[in-house]
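The values are calculated or read from the model by the stated rules, or taken from the named source; none is laboratory data. Predicted, not measured: the structure shown is a model, and the values here were computed from it. All Cβ positions, glycine included, derive from the backbone under ideal geometry; neighbour counts span all protein chains shown. All accessible areas refer to the heavy atoms of the entire protein, side chains included, with ligands and DNA or RNA removed. Shrake-Rupley method; radii C 1.70, N 1.55, O 1.52, S 1.80 Å.
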Amino acid sequence: KHNLEEKLKLVIRAEELVKLEDVNEAFKELQVLHKLWKEDVGPVAREHREEVWERFSEATKKVHDNRHDFFKDMRSKFEGNIDKKLEVVSAIEAIDTSKNKTRSDWQKSINEIEALRNKFFSIGQVPRAKSDQIWAKFKEATRKFNVEKNIFFKEVKKDHFDNLNKKKLLIEKAVSLKDSEEWDSTTE
């Protein structure tokens, strides 16, 4: 009688698991219930054995079906994410940086790329089999942009450095002329 009461408690809990939204949590708890059923709770009277087992088995089947459906839906969403992510990669590749001549031109392109990167990451997962391939395409597209951006900004930095050196030379020349008393040539 005690075992019957304990197994009925397990059955009721298993039936409640069917209603849980978190299918992984339900599945984990179901595993615990099965362990308790097999190892901790002893046998029940013959006349109740089949009925109790059928209820427990039916609840188990429903939890498994819920989990299966959840992952099936998730896989189909992942498949749909492939095309979405590839569209973002194409948009990144389509950004034309050849017309970027100023810092503000590049800033606009950087903002576009950043928006596309955020969109790429917000789309969600893709099937594992395609994940590495899509990630490689994304990295290559952003790497290509970054290389071009870095070339531009290295040139800007080089120009700034050259201008700085020219200004330092002018300062040196001005300092050397400040004490000169040859007013006409020094003024020139």
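For the chain, report the accessible area per residue in Å² (1.4 Å probe, heavy atoms, rounded to an integer). It would help to have the intermediate numbers written out before the result.
Values: 14120 Å² over 188 residues.
That works out to 75 Å² per residue.
May I ask for the equivalent-ellipsoid semi-axes of the range 64-166, computed as the square root of five times each C-alpha gyration tensor eigenvalue and listed largest first in whole Å? Before the final figure, lay out the partial values.
On the way: eigenvalues 329, 25, 21 Å².
Working through the eigenvalues yields semi-axes of 41, 11, 10 Å.
Quickly work out the Asp184-to-Ile123 label distance, labels modelled 7 Å from Cα along the C-beta direction, and quote it in nm with one decimal.
A separation of 7.6 nm, rounded to one decimal place.
Using alpha carbons only, how many degrees (0 to 90, rounded to 10) separate the axis of helix 23-35 from the longest principal axis of the chain?
Value to nearest ten degrees: 40.
Under a GNM of the chain (C-alpha, springs under 10 Å), which listed residue has the highest mean-square fluctuation: Glu29, Glu172, Glu50?
Maximum fluctuation in the GNM of the chain, among the listed residues, is at Glu172.
Using Cα atoms only, what is the angle between the long axis of helix 2-17 and the major principal axis of the chain, expressed in degrees (0 to 90) to the nearest 10?
40 degrees
Taking the highest mean first, how do the peptides 178-186, 109-117 order by number of other beta carbon atoms within 10 angstrom per residue?
Details: 178-186: 8.1, 109-117: 15.1.
Descending packing order for the listed peptides: 109-117, 178-186.
Compute the FRET efficiency between Glu51 and Glu79 as 1/(1 + (r/R0)^6), taking r as their Cβ-Cβ distance and R0 = 41 Å, and round to the nearest 0.05. Don't jump to the answer; show the numbers that get you there.
Values: r = 42 Å, r/R0 = 1.04.
Taking R0 as 41 Å, the efficiency between Glu51 and Glu79 is 0.45.
Identify which of Asn150, Asn165, Asn118 has the largest mean-square fluctuation in a Gaussian network model of the chain, with springs joining Cα atoms closer than 10 Å.
Asn165
For the pairs Lys77/Lys137; Lys130/Lys154; Lys19/Lys61; Lys9/Lys72, note any where the Cα-Cα span goes beyond 24 Å. Walk me through the numbers before you get to the answer.
Values: Lys77/Lys137 20 Å; Lys130/Lys154 36 Å; Lys19/Lys61 13 Å; Lys9/Lys72 31 Å.
The pairs that break the limit, which is 24 Å between Cα atoms, are Lys130/Lys154; Lys9/Lys72.
Going through the cross-link list Lys99/Lys149; Lys101/Lys139; Lys1/Lys62, which pairs have a Cα-Cα distance over 18 Å in this structure?
Going by Cα-Cα distance, Lys101/Lys139; Lys1/Lys62 fall outside the 18 Å limit.
For Cα pairs less than 8 Å apart in space and 6+ apart in sequence, what is the mean separation divided by the residue count of the chain, i.e. the relative contact order in percent?
Working: 101 pairs, mean separation 36.6, N = 188.
Dividing the mean separation by the residue count of the chain yields 19 percent.
Could you work out what % of the accessible surface of the chain is carbon and sulfur, using a 1.4 angstrom probe and leaving DNA, RNA and ligands out of the count?
Details: 7450 of 14120 Å².
That share works out to 53 percent.
Sorted by accessible area with a 1.4 angstrom probe, largest first, how do Lys168, Lys108 fall? Show your work: numbers first, answer last.
Details: Lys168 105, Lys108 135 Å².
Per-residue accessible area, sorted high to low, gives Lys108, Lys168.
Picking from His64, His34, His160, which is most flexible by a Gaussian network model of the chain using Cα springs under 10 Å?
Maximum fluctuation in the GNM of the chain, among the listed residues, is at His160.
Suppose the chain between Lys35 and Ser176 were pulled fully straight at 0.36 nm per residue; how much longer would it get relative to their current alpha carbon spacing?
Values: separation 141, 0.36 × 141 = 50.76 nm, distance 9.22 nm.
My answer for the length gained is 41.5 nm.
Taking Lys108 as the anchor, which aspartates and glutamates have their alpha carbon closer than 16 Å to its alpha carbon, excluding any fewer than eight residues away along the same chain?
Result set, ordered by chain and number: Glu93, Asp96, Glu148.
Taking 2.2 N^0.38 Å as the expected size of a compact globular protein, what ratio does the Cα radius of gyration of the chain give against it, to two decimals?
On the way: Rg = 35.3 Å, N = 188, 2.2 N^0.38 = 16.1 Å.
Expressed relative to 2.2 N^0.38 Å, the Cα Rg reads 2.20.
Please work out the FRET efficiency for the pair Lys154 and Lys101, using the Cβ-Cβ distance as r and a Förster radius of 25 Å; give the result to the nearest 0.05. Walk me through the numbers on the way to the answer.
On the way: r = 15 Å, r/R0 = 0.61.
Using R0 = 25 Å, I get an efficiency of 0.95.
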